[in-house]
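A short write-up of the structure that comes next.
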Ligand code: SAH
């Protein structure tokens, strides 16, 4: 039977693609982190629900694969896109153990894109995406990637900029980037994009160093060309030249 791995976008169900909505409608069971299930609650009434907390990703994927193997079309939901720091990879790794299950990933709007739209147009040229979470990636590797993105003058989106245990990671990342970028470089923060408590802020790289990000924040670090235009963070596209 089918297992849909669905990115639901940043929050509100208006960001869900029609394809994702159709896959949810078709599913008899839905698995996910409780917060994401709450965001799409009206769409999953009456379905069998497998809610599991953070850090229980393997169990959640197996519950979804077992459900599909048992003959129920099942949806596993992630925020944003399921293939961007989401569970699509884990599902593909485990799926060979479940030959009866056909896995289909349904794309969603990832936080870099929903956040960029709120800030202005910060990503109109090359950009890099780095997660500051060292749960699955060693910190030394994260540092190497930040140094590379900094050296390449990429605009940088930082996912997972902080959590309760990692309060100083954003400051550490800023220190690495400040070796390559001016303190007045334009940066942005988007918190809870597409959700009730949505907040955006544009600031300098020096200010970002002391910004208190949380686990629902995505950070945008501008490059040497990023400008502040009428309050918006903009990467000029270069057509003028
Ligand atoms: N699969 C998700 C990313 C999961 S990693 C996606 O594609 O968007 C979790 C990180 O994503 C958070 O720490 C935050 O940096 C970012 N994020 C997810 N949802 C967000 C939202 N609504 N607003 C701002 N950032 C968000």
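A short reminder: the numbers here are calculations on the coordinates, not readings from a lab. Predicted, not measured: the structure shown is a model, and the values here were computed from it. Here Cβ is always computed from backbone atoms with ideal geometry, including for glycine, and neighbour counts include all displayed protein chains.
Details
- Note on the range 59-112: Kirkwood radius taken over Cα pairs, Stokes-Einstein applied at 20 °C and 1.002 mPa s, translational D equal to 187 µm² s⁻¹.
- Binning the C-alpha pair distances of the range 122-168 at 5 Å intervals from 0 yields a P(r) profile of 5, 21, 27, 24, 14, 7, 1 %, listed from the shortest bin outward.
- Gaussian network model of the chain, Cα within-10 Å springs - most flexible of 217, 74, 226: 226
- FRET efficiency for residue 17 and residue 165, using Cβ-Cβ distance with R0 set to 41 Å, rounded to 0.05: 0.75
- Available extension along the chain between residue 97 and residue 151 is 15.2 nm, counting 0.36 nm per residue and deducting the alpha carbon span.
- Maximal additional length on extending the residue 207-residue 2 stretch stands at 69.0 nm, based on 0.36 nm per residue less the C-alpha distance.
- Measuring how big the range 79-222 is from its alpha-carbon positions, Rg and Dmax come out at 16.1, 55 Å.
- Size of the range 92-175: Rg and Dmax of its alpha carbons, in Å, are 16.3, 50.
- Rh (Kirkwood; distinct C-alpha pairs) - the chain, Å: 18.8
- P(r) tail, the range 171-237: Cα-Cα pairs separated by more than 17 Å, 41% of all pairs.
- Cα convex hull, the range 19-134: 128 Å³ per residue, rounded to a whole number.
- Percentage relative contact order, the chain, counting C-alpha pairs under 8 Å, at least six apart: 20
- The orientation-averaged projected area of the convex hull spanned by the Cα atoms of the range 81-122 comes to 3.2 nm².
- Ranked packing of 186-192, 64-70, most packed first, by mean Cβ within 10 Å: 186-192, 64-70
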